[in-house]
Amino acid sequence: EAGVAQSPRYKIIEKRQSVAFWCNPISGHATLYWYQQILGQGPKLLIQFQNNGVVDDSQLPKDRFSAERLKGVDSTLKIQPAKLEDSAVYLCASSDSVRGGGDTQYFGPGTRLTVL
Amino acid sequence: QKEVEQNSGPLSVPEGAIASLNCTYSDRGSQSFFWYRQYSGKSPELIMSIYSNGDKEDGRFTAQLNKASQYVSLLIRDSQPSDSATYLCAALTGGGNKLTFGTGTQLKVEL
């Protein structure tokens, strides 16, 4: 069974530029999560989708971050414009729980973003 | 107060010893708890989940939960150098729908 796929693996941009990350969850997984992990900290949930609906986006900085999950499969997370403090690893995870959160979340390899 | 708190370490133990990792949480409504292992430069990997008070054993790993004290721990017996990693404690918060992570404890197992 293929795991969670993410691309790109690394991205370097200058502040005020825009960037997009892509995630393909494990086949059949209804719930998809985007996390931000700053160096030395635990992952912080940015947004949770169940199928193509948003369950929780309370910690998503909506003035600059956006995410979508069209057709309930792949997802894209966008930052526009980027700030220095957005430098982090962006992790995508998926689970097959309809309820979300409670069942095992499988993480992708992450995208390491550096904002200069 | 952070929702899930861990000592950042590093915690150093000799090979073959027992490593004890601790975590406290603030949301009394949390019912489910998880331990993830994260190697440097890699993504988190689930190693244990625990939902009831008491101990849960899986191989060399034992998770312990005390809801009255709002305390979760992970014991690693016969620690190996390959266990050297950051261990993340996580709790389901916000009514059981959101996984909240601690900052992680770095474990170093020395030869």
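The values are calculated or read from the model by the stated rules, or taken from the named source; none is laboratory data. A quick note: this is a predicted structure, and the numbers were derived from the prediction, not measured. Heads up, the Cβs are rebuilt from the backbone with ideal geometry, glycines too, and the neighbour counts pull from every protein chain shown.
Each residue in the range A:30-46 was checked for being under 23 Å from residue B:39 (Cβ atoms) and either small (Gly, Ala, Ser) or assigned to a loop (DSSP other than H, G, I, E, B) (or both), and 6 of them qualify.
Here is a check on your reading of the model: is residue B:32 modelled with pLDDT of 95 or more and of a type in the set (S, T, N, Q)? Considered against the rule, which asks whether it is modelled with pLDDT of 95 or more and of a type in the set (S, T, N, Q), residue B:32 comes out as no. Restricting A:58, A:87, A:75, A:95 to those that are within 12 Å of chain B (Cβ to nearest Cβ), hydroxyl-bearing (Ser, Thr, Tyr), touching a residue at least 40 places away in the same chain (Cβ under 8 Å) and touching a strand residue (DSSP E or B) at 6+ places or on another chain (Cβ under 9 Å) reduces the list to A:95. Listed by first and then second residue, the pairs with beta-carbon distance under 7 Å, at least 6 apart or on different chains, first residue in the range B:38-58 and in contact (Cβ under 8 Å) with a residue 40 or more places away in the chain and farther than 15 Å from residue B:75 by Cα, second assigned to a strand (DSSP E or B) and of a type in the set (Gly, Ala, Ser), are B:38/B:85; B:39/B:85. Residue B:90 passes every criterion in (1) within 24 Å of residue A:95 (Cα to Cα); (2) of a type in the set (Gly, Ala, Ser); (3) not in a strand (DSSP E or B) apart from (3).
Residue by residue through the range A:85-109, note down the ones that are of a type in the set (S, T, N, Q), at pLDDT below 95 and either in a strand (DSSP E or B) or surrounded by fewer than 23 Cβ atoms within 10 Å (Cβ to Cβ) (or both). Within the range A:85-109, A:94, A:95, A:97, A:104 qualify. Selection of the range A:47-84 for residues being charged (D, E, K, R) and assigned to a strand (DSSP E or B) yields A:56, A:68, A:78.
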